[in-house]
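The structure under discussion appears below in the form of structure tokens.
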Amino acid sequence: MHELSLAEEVIKIAVYEAGRTNASKVSEVTIEAGIFCGVEIDTFRAALDILTEGTILDKALINIQRVKGRGYCSECEKEFEMEDRLDTCPVCSSFPENIRSGHEFRVVSIVVEKDD
């Protein structure tokens, strides 16, 4: 269950950023998660809910933006959207030479609040 360790890392990143800016609370975290990243989003979200309770991330809004896959076909030199790893090029039906997006999993923004 790597979702738990990923949740712990996201919390560490957010706590670090809050500390760096002397913030008292993290109110929002936005994460990009590709459809091929191998993370079960519901499990990851549940782990975050449990681990953030009583921390400066308690009640923070967690936005998870799903990133679609994009493949590149070397046969016809086209990039195309992928919903599944086995999708083929819509032009020539070849398998993609590489998958250019859909594997990412990253924190893209953190909103913090400071006491006045």
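The values are calculated or read from the model by the stated rules, or taken from the named source; none is laboratory data. All values reported here derive from a predicted model rather than from experimental measurement. Heads up, the Cβs are rebuilt from the backbone with ideal geometry, glycines too, and the neighbour counts pull from every protein chain shown. Each accessible area value is taken on the protein alone, full model and side chains, heavy atoms only, with ligands, DNA and RNA left out. Shrake-Rupley method; radii C 1.70, N 1.55, O 1.52, S 1.80 Å.
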Q) All but one of (1) part of a strand (DSSP E or B); (2) at pLDDT below 95 hold for ASN63; which doesn't? A) (2)
(Q) Out of everything in segment 25-57 that is open to solvent by less than 50 Å² (accessible area, probe 1.4 Å) and of a type in the set (Gly, Ala, Ser), what residue ends up being farthest from LYS114 (Cα to Cα)? (A) GLY34
Q | Residue that is farthest from THR55 (Cα to Cα) [pool: residues in segment 70-116 that are small (Gly, Ala, Ser) and within 17 Å of the chain's Cα centre (by Cα)] | A | SER101
Q) For segment 32-60, how many residues are hydrophobic (A, V, I, L, M, F, W, C), assigned to a loop (DSSP other than H, G, I, E, B) and more than 28 Å from MET82 (Cα to Cα)? A) 3
Q) Mind checking which pairs have a first residue in segment 90-116 that is in contact (Cβ under 8 Å) with a residue 60 or more places away in the chain and among the aliphatic types (A, V, I, L, M) and a second that is surrounded by 13 or more Cβ atoms within 10 Å (Cβ to Cβ) and assigned to a loop (DSSP other than H, G, I, E, B), Cβ under 8 Å, 6 or more apart or different chains? A) ILE99/PHE36; ILE99/ARG85; VAL112/ALA23
